[in-house]
Every structure is written in structure tokens, then in C-alpha cells.
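Student: Structure below; questions to follow.
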Amino acid sequence: MGWDPIAILVVPFAVGVACWWAPVNLGKALTLASGVLTFVLAVLLVPARITTALSGWLRVDALSVVFLVAAAFLYAATAVFAIGYVHPSGDPSSAARYSRRFFAGLNLFAWAMAMATVVNGIALLWVAIEVTTVVSALLVAIDDTDGATEAAWKYVLIASMGLGVALLATVVMYYAGSTVFGNSYELFYPKLLSGAAHFPPEVVRLAFVLAVLGYGTKMGLVPVHTWLPDAHSEAPTPVSAMMSGALLAVSFYAILRFYQVTAGAIGPAFPREVLLGFGVASVGLAALYLASQRDLKRLFAYSSVEHMGVLAIGMSFSAPIAVVGVLLHVLAHAAAKSTAFFGAGSVARRFGSTDVSLIRGGVGALPVSGPMLVLAVLGLSAMPPFGIFRSEFLIVSGALTDPHEAVAAVLVVGVTLAMLGLSWFTSRTMLSRTAESTPRGEPSAWIVASMAIGLGALTILGVHPPGQLSDLLTRAASELGARR
Amino acid sequence: MAAVVLAPSSFSDGTEAIALVVLLTEFAMMRASLSRSQVRLYSFQSLAVSALAVFVAATQHVGDLYVLAGLSFVLKVVVVPRIVLRLLRDSRVDLATSHRLGVATMVLLAIVVAAFGFFVVGGLPVHSPSLPAPALGLAGAVILVSFLLVILRSDVVSQAVGFFSLENGVSLASLVLAAGLPLIVEVAFLFDLLVAVVVFGVLIRVHHGRSQTLSTDALDRLRG
């Protein structure tokens, strides 16, 4: 199986480079093929125990596979969506240039995220996440409007500063390891974990806090989330979907890698407290911000901050069931949030805007994607039978067995407030009367297909997750130290 | 105590001296009034960091660090400043940097922040016989002042240079803390910096093309 992670690194990169030169339609076809292939390759890794390749530089364990599957799913679904969504206006030659650049960037973005999950060691992980920043910053700026330029500048500056702190965390963790392994060694995960018990506790603590602050900037944890709503609302919608569903999760993955080492060195109590603080701040503030948004994509961006907070809070519970819930939440959030953004893209194509005050009667104007957007929002609000209901249920029941009733109460209140904000705006825009002047019908069958894929996955995760997937989540949770 | 038993070695003396130069350059960047001089100061700061790499390589006998010093010299002293200076020449506007506070206030704030960083990081329980604790404190001060540079300056060049000098501060910390970091990892870090510089350059160009200015004052549309 050693070829599998290598293929995951080669295929999207090669397609991304090819899209730069290939005719637009060939580029679209290649992107779709690469997305589906990468997803299949990721799913093939689900039953495997541990896969290594390239003399140990690539290493895929259950934890990596969870995030790899989320990123690859987003890649495939977004490829379907982007084919229907990207219709640049203007003269044919500049439109073709825009499309070529866009699809090249989209593939490279997916490649960088996949790379982050399959490389071995916290140093290469940092490199991969920095690559995701530079590629996605260019994608945010690609529309060349005032808003896009501003959002891209804020994003690249704030995220790069954050990653500077994350690099410092990596260096400090290296120092912690050098007290055991001597001056020169490779920062591979198994190596770090094997010696973690003898690392100096104070140094590991420092490294973990720096890592949460640094990668938390990219993950969108309050108070270092400030770039996130701007970038998500101004980026082209396919990019927003991939950022929200996969990029934030990949940054969370980086935090979890530091969590593993920290828990091995000083026990899980300290990292849990740190994550709890950031998580409560994120859920609380995002729930309040959700009530005052005027733009559909900004609304979903704040919903991402809220869900990242849920992940952080979930990791602060010691019950294994909560950790399984967190990992399921990563997958379910990827499916739900991408569907919501795809729906926002459909709305933007029909109404020419995502401004809440300009959209009326979405369900009437968009007979298929409108109702699916409403369902996706219900899914995001943790309504059964969707996946987020199951994952948040697991997290809360973990909190109650822990027992952390107070935190569980805060979590439930925050999630409920967020649901109020989300459903208020969705009902105003989607479920109101459709004006006679509004044209009816779907802008693109591809958009409908992408939403059906996302909603289907979300329902499967909620109703009956496949046995192999549940097994994977349990294994990944035990890699994070959660044991029954 | 420990310091008495181990007489201050030339290693820690040299490291501390170079780290101090890096910090002073950071202060100079803070008060530089021209974007061009800011970029040249960055170039000088990178030179100091590269020199430290050579120094650590020679005293600690880490051969890999010579390669790293060479690469870091080429990239951070020559290539990156050239890219930014060329951007500045092409844009031909407001070469003077802008800031939100007076120069004196900024430098005072920077002193406070640097002192905070120096004592907090220097006071960390990070001990080893070869590790000069003051140099680590200086690296912490550089990192904090670079944050201040990004926050208090309101033009895109200063903010970009602030990020690059943050990276210099982290390099400083890594030379002090983790001299043995595998070469391939260090090279990957440097390569990433180069890619980031190109992206910063592209975005500065886009920003200038849209607003005919390098100031960030126009970037206030997105709120809430």
C-alpha cells in the first residue's frame, strides 16, 4: 500500500500543473477525475493500519486518514461544484485565463492539504500548511475586486504571522526532543511519541501553547480568527467551501499532533484546559456574531468558527466517546459546510449577490438547490438525521459521563444560539415569497449534483456510518490517547 | 553557580552579541522613515542571522549549518530584498512609510515589549550547558517587536517586512535552541519563505494596482 500516499501526492499536483496550460474544458475534466481518484485513494487507506512510504517521510495512520478523507471528499465535491460555478465574464481570452488559473490553484490547494495529512513529522507538517496558506491566499485574491484584495492581504499577513508562531512551536518541540535524542534527529511522529515521557515538561507546555496559538490562527479559533470571515466571504465560493470544510480541519489536525506529544509528555490535563479555553471563546463569540451578519457567506464563515470551537471543546473531555465524536464532527462538518457553501454559490448565481437583504424566496427561485440549502443549514444546526447531530450528541454525552456538566451546558447553549442565527437568516432568505420578477430554475446541474453529494454523505454519517469508518474513528481516537 | 563553574564561553558571548545586533536592527526598522531603508535594514538583519549560523557551525561543529548559512545568505540577504526593492521601484509612490503613532511613542512601546519578551523568554526553564539563555530572550524580544512593527505600521511594505523579520527572529531562536535541526527541514523552511515572499509581492502589486497606494488605510471595507 506504500504507493497509495505517493499517488495522493503526485496526482493533484500533476493535474494542477497541467491545468495551467491545458484548455479549460480539459482542465475541468482532469480536476474532476483527480478529485474522484484522490477520494478513492483516501478511502482505500481506511482499513489499513499504518502505511509508510519514501523511507518513512510519508506516514499514514488512522488519525491522518480521518483528515485525509475529509480533505479528499471536499476536493471531489468541490471539483463537481466548480465545473458548474466558474463562469467568468468578459472577453473569451481573459475568461479562459481566469479559469485556467483557478483550476490550477484549486488542485494545488487540495494537493497541499492532502500533503499535510500524509507527511510524517511536525516539521514537514508545518511546511505543508504554509503551502496551503500561500496557494489559498492567491485563490482568495483571484477575483481582483477591492474586497478580495483586502481579504487576501489580511489573510496572508495574519495567517503567516500565526504560522511564524507555529514554526517557533516546532523549534521548541525540537529542543524538547533534543534533551532525549541528542542534537540531531528527525522529527517523526513515532520518534517524538516514543521519547515524549522524558521531555522537559515546561518546554513541552510552551510548545503546545505556541502551537495552539499559531495553528489556531489558521483554524479560526477566537481571538485569532479575524481573517476568517473576510477570506471566506470574499473568496470564490468553491475556495470558501474548501477552506471552511478542509483547511480549518487540517490546521486542527496539526494541533492534534502536538496534543499527542504533549499528552505523552505531561498527561492530557494541560492540553485539554488550553483547548477548552479557546473552544468556549470560539463557540460563544461566533454564536453572538452569527446573529448580526448581513451576508450569507459571512454567516457560514462564523458558523465555521463555531464548529471549530466545538472541536476544541470536544477534545477537552476525557471520555473516549467524545474524542470519537470530535473526529466524526470533522467529517460531518466537511460535508455539511461544503453543501451550505455550494448552496450559497447557487444563490449567488441566481440573485447576483449573497447579501441577505437582496435575497428573497430562494426556495421558490431555486426548486432543487434551495431546499437542499435549507436542509444543509438544518444539518449545520445539528438536527437529526444528519451527521452533525450524531457527532455533537457523542461529544455532549462524553461530557456528561466525564462529568463536565457545566461545559456541556455552555456548549449546548452556544450551539443553540448559533442555530437561531443560522435559521433566522435562512428562513428570511429562502422560505419567503418569491418575487414575480425573479427568474426560476437551477443555474447549473453540476451545482445540484455537488449539493446532493454533500447532503448524501451528511445523511449517511448521521443515519448509519459504515462499519469500517466507525472502526477507523475508534482507532484514531485511541491514537489520541482515548482508551476505554 | 553554574555560570561561575562554566566560565562564559566565547560561544555564548558571540551568540549574544549577534542576537543583540539582530534586535537593534529590528528597532531601526521600527523607526525607519523610508520603505527602502527598511528593506535594506532587513537585508542587514538577515546578514547577521546568516553570520550567526556560520558562527554556530564553527563553534558547535555542525557542518550542515554552513549550507544553511549559504542558502539563507542568498535568499534573505540578496533575493528577497531585491524582489521587494524592485516592487518599490515599480510602484513609484509614497516611498515614506506611514505609521499610526509618533516615532518616539513607537520606539518606547517597542522597548517595553522587548523588555517583556527578553525577561519572560529568558526566564523560561530552558537550560542546557551549551545554551546561552540571554540569546534566547533576545530572540523572544525580536519576535514580539516584529509583531509590533506589523501592528503599528500602516503600509503593506512595512507589514511584509515585519513578517520577514518575524521569520528572522524564529531563525535566531532555532539557531540557539535547535542547531541540529535536520538540514532538509531547514531548507524546506527557507523555500517556504521564498514562496511566501513571492505571494506577498503579488498581493502588494495587486493592491497597488487597485488603489495606487501602498497604504493599508483603504483596507477597511470588511467588518463585523
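Student: Can you name every residue in the range A:402-411 that is part of a helix (DSSP H, G or I) and surrounded by 15 or more Cβ atoms within 10 Å (Cβ to Cβ)?
Tutor: Residues satisfying the conditions are A:Val407, A:Ala408, A:Val410, A:Leu411.
Student: Could you look through the range B:157-184, keep only residues that are facing chain A (nearest Cβ under 7 Å) and touching a Leu at 6+ places or on another chain (Cβ under 7 Å), and pick out the one that is farthest from A:Asn183 (Cα to Cα)?
Tutor: The qualifying residue farthest from A:Asn183 (Cα to Cα) is B:Gln159.
Quick grid of which residues meet (1) in contact with a strand residue (DSSP E or B) (Cβ under 9 Å, 6 or more places away or on another chain); (2) over 25 Å from A:Pro229 (Cβ atoms); (3) at the interface with another protein chain (Cβ under 7 Å from one of its Cβ atoms); (4) of a type in the set (Lys, Arg):
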residue: A:Ser99; (1), (2), (3), (4): no, yes, no, no
residue: A:Leu138; (1), (2), (3), (4): no, no, yes, no
residue: A:Leu167; (1), (2), (3), (4): no, yes, yes, no
residue: A:Thr170; (1), (2), (3), (4): no, yes, no, no
residue: A:Val180; (1), (2), (3), (4): no, yes, no, no
residue: A:Phe199; (1), (2), (3), (4): no, yes, no, no
residue: A:Val204; (1), (2), (3), (4): no, yes, no, no
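Student: Against the definition (closer than 19 Å to A:Gly220 by Cα, surrounded by 24 or more Cβ atoms within 10 Å (Cβ to Cβ) and either modelled with pLDDT of 90 or more or within 11 Å of chain B (Cβ to nearest Cβ) (or both)), how does A:Ala77 come out, yes or no?
Tutor: No.
Student: When residues of the range B:162-177 are filtered for being at pLDDT below 90 and in contact with a Phe, Trp or Tyr (Cβ under 7 Å, 6 or more places away or on another chain), how many remain?
Tutor: Total meeting the criteria: 1.
To keep it simple, each residue is scored yes or no on (1) over 17 Å from the mean Cα position of the chain (by Cα); (2) buried (at least 23 other Cβ atoms within 10 Å of the Cβ).
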site	(1), (2)
B:Ser33	yes, no
B:Gln45	no, yes
B:Leu52	no, yes
B:Phe55	yes, no
B:Leu65	yes, yes
B:Gly70	yes, no
B:Val77	no, no
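Student: Might you let me know whether the range A:235-242 holds any residue that is surrounded by fewer than 22 Cβ atoms within 10 Å (Cβ to Cβ), in a helix (DSSP H, G or I) and in contact (Cβ under 8 Å) with a residue 12 or more places away in the chain?
Tutor: No.
Student: Assess whether A:Thr132 counts as being touching a residue at least 24 places away in the same chain (Cβ under 8 Å), at the interface with chain B (Cβ under 9 Å from one of its Cβ atoms) and polar (S, T, N, Q).
Tutor: no
Student: Something else now. When you go through A:Thr429, A:Thr416 one by one, which is the residue that is under 21 Å from A:Leu285 (Cα atoms), assigned to a helix (DSSP H, G or I) and among the hydroxyl-bearing types (Ser, Thr, Tyr)?
Tutor: From the options A:Thr429, A:Thr416, the qualifying one is A:Thr416.
Student: Another question, then. Search the range A:462-484 for residues being surrounded by fewer than 19 Cβ atoms within 10 Å (Cβ to Cβ) and of a type in the set (Gly, Ala, Ser), and hand back the single one that is modelled with the lowest pLDDT.
Tutor: A:Gly481
Student: Could I ask something else about it? Of all the residues that make up the range A:421-439, how many are farther than 17 Å from A:Ala376 by Cβ and in contact with a helix residue (DSSP H, G or I) (Cβ under 9 Å, 6 or more places away or on another chain)?
Tutor: Selection size over the range A:421-439: 6.
Student: If I filter the range A:316-336 for residues that are in a helix (DSSP H, G or I), in the same structural domain as A:Ser437 (by TED's automatic domain parsing), more than 22 Å from A:Ile388 (Cβ to Cβ) and in contact (Cβ under 8 Å) with a residue 12 or more places away in the chain, do I get at least one hit?
Tutor: no
Student: Does the range A:209-221 contain any residue that is out of contact with any Leu (no Cβ under 6 Å at 6 or more places or on another chain), touching a residue at least 60 places away in the same chain (Cβ under 8 Å) and outside any helix (DSSP H, G or I)?
Tutor: Within the range A:209-221, one or more residues are out of contact with any Leu (no Cβ under 6 Å at 6 or more places or on another chain), touching a residue at least 60 places away in the same chain (Cβ under 8 Å) and outside any helix (DSSP H, G or I).
Student: Please specify each residue of the range A:254-301 satisfying the condition of being in contact with a Leu (Cβ under 9 Å, 6 or more places away or on another chain), hydroxyl-bearing (Ser, Thr, Tyr) and buried (at least 24 other Cβ atoms within 10 Å of the Cβ).
Tutor: A:Ser282
Student: For the range A:88-110, name all the residues that are without any contact (Cβ under 8 Å) to a residue 60 or more places away in the chain and not small (Gly, Ala, Ser).
Tutor: Scanning the range A:88-110 gives A:Pro88, A:Asp91, A:Pro92, A:Arg97, A:Tyr98.
Student: Can you pull out every residue in the range A:26-52 that is charged (D, E, K, R) and either farther than 19 Å from A:Ala449 by Cα or surrounded by fewer than 18 Cβ atoms within 10 Å (Cβ to Cβ) (or both)?
Tutor: Of everything in the range A:26-52, just one residue is charged (D, E, K, R) and either farther than 19 Å from A:Ala449 by Cα or surrounded by fewer than 18 Cβ atoms within 10 Å (Cβ to Cβ) (or both), namely A:Arg49.
Student: So which residues in the range A:165-190 are more than 16 Å from B:Val176 (Cβ to Cβ) and in contact (Cβ under 8 Å) with a residue 24 or more places away in the chain, if there are any at all?
Tutor: Passing the criteria: A:Val165, A:Ala166, A:Glu186, A:Leu187, A:Phe188, A:Tyr189, A:Pro190.
The values are calculated or read from the model by the stated rules, or taken from the named source; none is laboratory data. Not measured: the values here are computed from a predicted model. Ideal geometry is used to build each Cβ from the backbone, glycine not excepted, and the neighbour counts take in all protein chains shown.
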